[in-house]
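The values are calculated or read from the model by the stated rules, or taken from the named source; none is laboratory data. Quick caveat: nothing in here was measured; it's all calculated off a predicted structure. A quick note on method: Cβ atoms are made from the backbone with ideal geometry, for glycine too, and the neighbour counts reach across all protein chains shown.
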Amino acid sequence: MLAAIARVCDSQSFILGPEVEALEREIAALTGAACAVGCASGTEALWLALVAAGVTPGDSVITTAFSFFASASAIVRAGATPVFVDVDPGTLNLDAALVHSQLQDRQLQDRHLRDRQLRTKRPENLRAILPVHLYGQCADMNAFDCLAQEFGVAIVEDAAQAIGAEWSGRGAGSLGVTAAFSFYPTKNLSAYGDAGIVTTNRPEMAEHMRQLRNHGSPRRYYHHEFGWNGRMDAIQAAVLRVKLGHIANWNRRRQQHAATYDRLFAESGLTSGPASNRTSNQTSGQISNQLNPPVRLLARSPQAKHVFHQYVIRAQRRDELRKFLADRKIGSEIYYPLPLHLQPVFSYLGLKAGDLPVSEKAAREVLALPMFPELTEAEIQSVVESIAEFYS
Ligand SMILES: Cc1ncc(COP(=O)(O)O)c(C=O)c1O
């Protein structure tokens, strides 16, 4: 790592340049997208992805209410209005069936408002859908593909947590029109500071984003539109290129740890098992009431290659459990304690508690347990034993 950083210092090329270009080629290859554009953060990547996908001031973009704030604030920064839709209760990813209803409702409203001849298939101003691949598992991209075709909207992936993830064998980042990744220091592939990247299969969109990240400037000191300074540092690219060689192995180890957690939870009798891998001969049930187990695991989509940015459970008496674990020096985190539609800054949208009940319930129950490549089986065992002790 130090050698890579020294290489940048020796070159004196600190912003963009050959390191960033090399990283762009390598990330494009990893995701299966044709192009990648390095930028300053995942938040910046989302803004670039939305603007390149055609989102303009006055538009609306459908997204999940259960994500990090940037999924929605980037929509606002593009001048558009977020339309929050609830999540699937199993995976906690944006619920495609609810998005479909939302699109149909809007189409009906348009039909009343607009002259038949002017009416387009796409609900007025509804430009894009932004699914988030939450915790490292892709949202239902088959369903979103169908919606994109039926309603003529763009799909922009928030793949910030999903580097290396796949849907039906295709890489996250190659599934939408554009996709945003974050290299924030806690991510599976992380920089030594802030950094992000956007991927796309459309070279013209990549070119647009290269200009936008550099003050809308195709040529030095000539500006065609209002961009911003969203450039990536070469030192971050150099660090990321070293780590990139390890990401497949690190993701594999995360998957192994998740399988160990699943197995130990099943053996503990705390859970009724994740929706897709419940075993029929599960007999331990001293703690678990099969209808209302104290711990529930999230569902895994069979089409998804999950990279377990987080291993998240849904827990009864979640906050007490978290304190119990903290007292035993076991770290945990809540992603996310308040859904986006209830954030004070979005009160102007007029949504209230009870409007998106699945997200609201998830916010009360989710708990992310320790998850990183170097985790040992003994450590996982001690986490699950401590949870069992709490509920015993
Ligand atoms: C789902 C999601 N979207 C967007 C972001 C924003 O990324 P960054 O922190 O690099 O700006 C993050 C990470 O923080 C994230 O988890």
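Residues in the stretch 190-204 that are more than 9 Å from the ligand (Cβ to nearest atom) and either surrounded by 24 or more Cβ atoms within 10 Å (Cβ to Cβ) or acidic (Asp, Glu) (or both): 5 in all.
The conditions of being in a strand (DSSP E or B) and within 16 Å of the ligand (Cβ to nearest atom) are not met by Ala45.
For Thr56, state whether it is outside any helix (DSSP H, G or I) and in contact with a Ser or Thr (Cβ under 6 Å, 6 or more places away or on another chain). Considered against the rule, which asks whether it is outside any helix (DSSP H, G or I) and in contact with a Ser or Thr (Cβ under 6 Å, 6 or more places away or on another chain), Thr56 comes out as no.
Looking only at residues in the stretch 87-115 that are away from the ligand (no atom under 16 Å from the Cβ) and buried (at least 24 other Cβ atoms within 10 Å of the Cβ), which one is nearest to Tyr184 (Cα to Cα)? Applying the filter and picking the extreme gives Asp95. The condition of being under 24 Å from Glu44 (Cβ atoms) and at pLDDT 95 or above does not hold for Ala143.
Just the residues that are within 16 Å of the ligand (Cβ to nearest atom), out of contact with any helix residue (DSSP H, G or I) (no Cβ under 6 Å at 6 or more places or on another chain) and assigned to a strand (DSSP E or B), please, taken from the stretch 59-70. Matches in the stretch 59-70: Thr64 only. Please go through the stretch 131-178 and pick out each residue that is within 11 Å of the ligand (Cβ to nearest atom) and touching a helix residue (DSSP H, G or I) at 6+ places or on another chain (Cβ under 7 Å). Within the stretch 131-178, Pro131, Val132, Asp158, Ala160, Gln161, Ala162 qualify. Please verify whether the stretch 236-253 includes one or more residues that are within 12 Å of the ligand (Cβ to nearest atom) and in a loop (DSSP other than H, G, I, E, B). Looking for residues that are within 12 Å of the ligand (Cβ to nearest atom) and in a loop (DSSP other than H, G, I, E, B), one finds none in the stretch 236-253, hence no. For Ser13, the conditions (1) buried (at least 22 other Cβ atoms within 10 Å of the Cβ); (2) more than 24 Å from Leu94 (Cβ to Cβ) all hold with the exception of (1). Looking at this structure, is Thr31 at pLDDT 95 or above, among the polar types (S, T, N, Q), more than 15 Å from the ligand (Cβ to nearest atom) and buried (at least 24 other Cβ atoms within 10 Å of the Cβ)? Considered against the rule, which asks whether it is at pLDDT 95 or above, among the polar types (S, T, N, Q), more than 15 Å from the ligand (Cβ to nearest atom) and buried (at least 24 other Cβ atoms within 10 Å of the Cβ), Thr31 comes out as yes. For the structure I just gave you, tell me whether Glu207 is more than 16 Å from the ligand (Cβ to nearest atom) and under 14 Å from the mean Cα position of the chain (by Cα). When the stated conditions are applied, Glu207 does not pass them.
Residue-by-condition table, conditions (1) touching a helix residue (DSSP H, G or I) at 6+ places or on another chain (Cβ under 9 Å); (2) over 27 Å from Thr260 (Cβ atoms); (3) touching a residue at least 12 places away in the same chain (Cβ under 8 Å):
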site: Arg322; (1), (2), (3): no, no, yes
site: Leu338; (1), (2), (3): yes, yes, yes
site: His341; (1), (2), (3): yes, yes, yes
site: Ala388; (1), (2), (3): yes, no, yes
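Can you work out which of the residues in the stretch 71-81 that are touching a residue at least 24 places away in the same chain (Cβ under 8 Å) and either within 13 Å of the ligand (Cβ to nearest atom) or part of a helix (DSSP H, G or I) (or both) is nearest to Gly152 (Cα to Cα)? Ranking the candidates gives Ile75 first.
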